[in-house]
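Structure, as structure tokens:
The values are calculated or read from the model by the stated rules, or taken from the named source; none is laboratory data. Nothing here was measured: the structure is a model prediction, and the numbers come from that model. Cβ atoms come from the backbone with ideal geometry, glycine included; neighbour counts cover every protein chain shown.
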Amino acid sequence: MEFKPLLFPNAFVCNVWIEKDNRWLLLISILLAMLLLIVNLRLYPFPNFLPDSYSYIDAAFNNVNINMWPVGYSKFLRFISVFNRSSTGLVIVQYSLLQFSILSFLFSIKYLLQPGKLLTRILFALLVLNPLWLYIANFVSSDALFATFSLLWLTTLFWLIYEPNTRMFILHALILGFVFSVRYNALYYPIISILVVFITKGILKEKLLRLAIVLLPVAWFFTYTTLTFKENLGVAIFSPFGGWQIGSNALFMYAHVPPQRSNIPKQFVKLHNFTIQHMDSLNKLKQRPDGELGIYYLWDEKAPLKLYLADKYKKDSTTPYLKRWASVSPLYGQYGTWLIKQHPAEFIKYYIWPNFLNYYSPPTEFLGIYNMGSDTVDPGAVTWFGYKSNKVHHFSKNKNIILTAIFPLLLAMINVIFFFGFIGFVILGGFSKVSPYYRKVLWVMLIIWLGNLAFSVLASPIVLRYQAFPFIFTLTFAVLLLGFVIQESRQESKPVEESPVPDPAI
């Protein structure tokens, strides 16, 4: 494998700055993004907090290597704190990194796929000036960082298909390893990376070496996390959260079926009794707390999973909470799987289908309300960011964030345009009219879109902030595909000029 002097070809690096159109796009994008950020910081002098925020902050404060959530974001918080401890500085860094990844992605699209001036400017306007990124970056949460490195992961995929070289593979591997440590939504990313390795140019020996490079950071993180959980908590597991999530997903389904009161596997009897008692109590309520898919069965102290955990350790006041929480994860995963196998049709009806609709149009969740409707934050946030008090505020007394309410509808439209745009592209013979490189990119994008759909629907209840990365790539290729369809339709609608028949008398 040959080492290149640069990660990216010289032509691309020069093209971004030397070409006049690109230079103006870059400068205007940076200027407008900065103006939007300044306005947003005036409107929201304090960031938006959600329950996850305090877990991330606690993990950063104690510098732990395992936690309920992946530790990548907590390590990021700790790294940023070396230079700046203010929450304003954190928001600025998160927004700047996200805009950097968007610009890298867009300039790569412009160079590699050459969509034309009009479509390029539309994409820059829709993505760089999108106010959703301000709200995503304003969270003390992994959402912005995950979207940033997911987009860099995708951008490096495009470059690997175009011009594979060792340095780019190393960069891609490092990005993949880090994004894997930020959020487990990246669990399907290595599959895509493996696919791209095998469609790049090169002999089998080169591809196997590239495969080893790409998978090494992910394999190291997986092994290290599993062994650390085993050493510290006595449970050899990569993500204890997975068992809790499976149990929670199954309980949303089980709330709609008659409870089974006999022939319960021995290991589930006690937990199942908590479930039956809880469902019986919920049936007496006029308004159930589990009416919509969400976090109820994960975190509510009155829900079966938390009740069973509290009962198991009611006489134990010494075991750390994280160890307690992780210890029941295998049981909850097995219990949830058993419930799903008992009622597969109901699981599809009451969990898969509603969550599929959420993918189409995700609820705003914490993006729709500032600081969960509260005007205070926990002591951990006060200490970490050096606040003078636990009081936070923003520009309005109304805690609802009205602007974000439009984005579920927009994402629904974007997904529809992408899906039917791809079909239209195929029907109009698009694959025969574009370069082999363009064809590979489109197939990879379709696989990523389908992979994200399948993983998101199956893994956990979908909300808008989880879909920031899909929003970006789906919007981009929806615009490109729609542009192609419109262009081809116009060409087909133009009348064919007939050559005049010569007059034989002349």
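Each row is one residue, and each column tells you yes or no for (1) crowded, with 17+ Cβ neighbours inside 10 Å; (2) among the basic types (Lys, Arg); (3) in contact (Cβ under 8 Å) with a residue 60 or more places away in the chain.
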site	(1), (2), (3)
385	yes, no, yes
396	no, no, no
408	yes, no, no
414	yes, no, yes
422	yes, no, no
433	no, yes, no
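Suppose we filter the range 275-297 for residues that are in a helix (DSSP H, G or I), in contact with a Leu (Cβ under 8 Å, 6 or more places away or on another chain) and surrounded by fewer than 19 Cβ atoms within 10 Å (Cβ to Cβ); how many remain?
0
Between residues in the range 156-182 that are outside any helix (DSSP H, G or I) and residues that are among the β-branched types (Val, Ile, Thr), which pairs lie under 7 Å by C-beta distance while being six or more apart or on different chains?
164/200
Can we say residue 481 is assigned to a helix (DSSP H, G or I), in the same structural domain as residue 157 (by TED's automatic domain parsing) and in contact (Cβ under 8 Å) with a residue 40 or more places away in the chain?
Judged against the criteria, residue 481 is a match.
Among the residues of the range 126-139, is any out of contact with any Phe, Trp or Tyr (no Cβ under 8 Å at 6 or more places or on another chain), surrounded by fewer than 20 Cβ atoms within 10 Å (Cβ to Cβ) and closer than 30 Å to residue 58 by Cβ?
Scanning the range 126-139 turns up no residue that is out of contact with any Phe, Trp or Tyr (no Cβ under 8 Å at 6 or more places or on another chain), surrounded by fewer than 20 Cβ atoms within 10 Å (Cβ to Cβ) and closer than 30 Å to residue 58 by Cβ.
Mind listing whichever residues of the range 315-342 are buried (at least 18 other Cβ atoms within 10 Å of the Cβ) and in a loop (DSSP other than H, G, I, E, B)?
Passing the criteria: only 328.
Cβ-Cβ under 9 Å, sequence separation 6+ or interchain: first residue in the range 351-373 and not assigned by TED's automatic domain parsing to the domain that holds residue 420 and outside any helix (DSSP H, G or I), partner surrounded by fewer than 17 Cβ atoms within 10 Å (Cβ to Cβ) and not hydrophobic (A, V, I, L, M, F, W, C). Which pairs?
Filtered contacts from the range 351-373: 363/292; 369/399; 369/400.
Taking residue 165 as the residue in question, decide whether it is out of contact with any helix residue (DSSP H, G or I) (no Cβ under 7 Å at 6 or more places or on another chain) and under 24 Å from residue 211 (Cβ atoms).
Spelling it out, residue 165 is indeed out of contact with any helix residue (DSSP H, G or I) (no Cβ under 7 Å at 6 or more places or on another chain) and under 24 Å from residue 211 (Cβ atoms).
Given the residues 121, 210, 183, which is the only one that is more than 20 Å from the chain's Cα centre (by Cα), in the same structural domain as residue 453 (by TED's automatic domain parsing) and crowded, with 22+ Cβ neighbours inside 10 Å?
Of the residues listed, the single one that is more than 20 Å from the chain's Cα centre (by Cα), in the same structural domain as residue 453 (by TED's automatic domain parsing) and crowded, with 22+ Cβ neighbours inside 10 Å is 210.
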